[in-house]
1. Give the residues of the stretch 1-43 that are in contact (Cβ under 8 Å) with a residue 40 or more places away in the chain, within 22 Å of Ala103 (Cα to Cα) and part of a loop (DSSP other than H, G, I, E, B), sorted by residue number.
2. Which of the residues spanning the stretch 90-138 are among the charged types (D, E, K, R) and either under 30 Å from Pro212 (Cβ atoms) or surrounded by 22 or more Cβ atoms within 10 Å (Cβ to Cβ) (or both)?
3. Pairs, please: C-beta under 9 Å, at least 6 apart or cross-chain, first residue at positive phi and in the stretch 128-150, second part of a helix (DSSP H, G or I) and not small (Gly, Ala, Ser)?
4. Taking only pairs six or more apart or across chains, which ones have beta-carbon atoms under 8 Å, a first residue in the stretch 252-271 that is at pLDDT below 75 and in a loop (DSSP other than H, G, I, E, B), and a second residue that is among the acidic types (Asp, Glu) and surrounded by 15 or more Cβ atoms within 10 Å (Cβ to Cβ)?
5. So which of Lys85, Lys11 ends up being among the basic types (Lys, Arg) and modelled with pLDDT of 90 or more?
6. Quick check on Asn125: is it touching a helix residue (DSSP H, G or I) at 6+ places or on another chain (Cβ under 9 Å), within 18 Å of Leu26 (Cα to Cα) and part of a helix (DSSP H, G or I)?
7. How many residues does the stretch 213-227 contain that are at pLDDT 75 or above and either touching a helix residue (DSSP H, G or I) at 6+ places or on another chain (Cβ under 8 Å) or exposed (fewer than 10 other Cβ atoms within 10 Å of the Cβ) (or both)?
8. Can you tell me which condition Ser53 does not meet? The list is (1) surrounded by fewer than 18 Cβ atoms within 10 Å (Cβ to Cβ); (2) more than 29 Å from Leu6 (Cα to Cα); (3) under 14 Å from the mean Cα position of the chain (by Cα), and all the others hold.
Amino acid sequence: MINLNLNPQDKLPQADIERGLDYLLLDGVCSQSMSSLTSSAFLIAYALMFHASNIVIGILTAIPFLANLMQLVSTWIIENIHKRKIVSVVSSFLGRVALFFIALTPIFFHNYEIIALLLFVTILNIFGALSNGAFNSWMKDFVPEKIRGRYFAKRSRISVSVATLLSILAAIYIDGLFIGTLNESLIQKYSVLFMAAFILGIIGIIFLSKIPEPKMNSNGKFHIKDLTRPFADQGFKKLLIFMFVWSFAYNLSTPFFVVYMLKRLALSIIF
């Protein structure tokens, strides 16, 4: 069941922290698996089923990066209400509901699939960014500092391993290599895939809701100068410039590489 106690607690018993760390790991597995089924190759291939143009592919790829600006809004919200868990859980739920409609786009939005896909992918990413902003601050206070690096390395390792295996199985399913799946239409298969992602996302929210939140230490005042303070560090500015150039070059070609493989080289989705 979902834990409806979304309010911060003054003090967290050690037992609650340990139990919360277990739930955080399970949330990581579900959320990472959801992401692996809804991004990159699968999303682009799904859009191509509706004859998406190169412009549409480019927009779909850009949406997650533009939506990340909403993390600034998330910061403002949590600095004013001091309730990171409720922001993270509610935003995650609102965003992941969009996956339900993405999965059923061929049924609910016949002849308007591209518009619906762009709309719901935008909703998914906007609320995902709102959730991430609150989640990162919440986890900084929840996970003990002495094990934080080791714990998140373990969480990432397990989550990525499970998500990678699930992605391979999903690709095998799309390619019709499982017995009994060959006669299903491709659009039906992608709908099943996104519905599975929706279910995984909701399960992840259930685990997320069970993680307790410690009270937030802040004066509750958000100033624009707080955003500019890191730019005074020369090392940070150099890192930012490097990340901008690298990300620009990488993301300029990556989405169209998937299109090239699927349409020009006629490779199956498993590649």
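The values are calculated or read from the model by the stated rules, or taken from the named source; none is laboratory data. Nothing here was measured: the structure is a model prediction, and the numbers come from that model. Using ideal geometry, Cβ is built from the backbone for each residue, glycine included, and neighbour counts are taken over all protein chains shown.
1. Ser40
2. Within the stretch 90-138, Arg96 is the sole residue that qualifies.
3. none
4. Ser268/Asp175; Ile269/Asp175; Ile270/Asp175
5. Numbers: Lys11 fails: modelled with pLDDT of 90 or more.
So the residue among Lys85, Lys11 that is among the basic types (Lys, Arg) and modelled with pLDDT of 90 or more is Lys85.
6. Taking the combined requirement at face value, the residue does not satisfy it.
7. Here is the first cut: in the stretch 213-227, the ones at pLDDT 75 or above are 213-217.
Retained after the next criterion (residues that are either touching a helix residue (DSSP H, G or I) at 6+ places or on another chain (Cβ under 8 Å) or exposed (fewer than 10 other Cβ atoms within 10 Å of the Cβ) (or both)): 213-214, 216-217.
Looking only at that region, the number is 4.
8. (3)
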